Amino acid sequence: MVAISRALLLGMATSFSALVSADNCKSSLFYCGNSLLHKGNYYDQIVGALKAKGQPTDDAHIHNALFYCTGGANGEITYQMFCGGGCVDGGSGKSDHC
């Protein structure tokens with residue numbers, strides 16, 4: 001019984017870690033804030049990049065700003081512009097755009 005419980009716990013822990021693992025942005029591509037939020041845990045980086053450029057950190061800017069992926073271990077991003085008319089997902093392996 002104890003061996004089954006340990007195996008079950010190990011399996012659950014492995015499954016959980018796969019669910020929470022974040023995917024980094026791909027270097028040299030542009031990403032909408034919304035795309036980054038779907039890709040992984042980018043909220044804090046988005047807010048930081050917006051603040052660094054003196055931009056508002058409201059929901060519209062978080063979701064509709066365009067960022068450039070500089071890469072690195074944490075998928076570093078830099079703010080490029082706000083897409084007032086909405087930000088468009090360019091698709092897998094392609095840059096997003098306003």
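The values are calculated or read from the model by the stated rules, or taken from the named source; none is laboratory data. Since we're looking at a predicted model, the values are computed, not measured. Using ideal geometry, Cβ is built from the backbone for each residue, glycine included, and neighbour counts are taken over all protein chains shown.
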* Structure fact -> In the stretch 45-92, residues that are in contact with a Lys or Arg (Cβ under 7 Å, 6 or more places away or on another chain) and either assigned to a strand (DSSP E or B) or in contact (Cβ under 8 Å) with a residue 40 or more places away in the chain (or both) total 2
* Could you look through the stretch 24-44, keep only residues that are in a helix (DSSP H, G or I) and either crowded, with 16+ Cβ neighbours inside 10 Å or touching a Cys at 6+ places or on another chain (Cβ under 9 Å) (or both), and pick out the one that is modelled with the lowest pLDDT? => K39
* To do: Mind listing whichever residues of the stretch 50-69 are more than 20 Å from N24 (Cα to Cα) and either loosely packed, with under 14 Cβ neighbours inside 10 Å or within 17 Å of the chain's Cα centre (by Cα) (or both)?
  => K51, A52, K53, G54, P56, T57, D58, D59, A60, H61
* Asked: How many residues are of a type in the set (A, V, I, L, M) and out of contact with any His (no Cβ under 7 Å at 6 or more places or on another chain) when one looks only at the stretch 75-95?
  -> 2
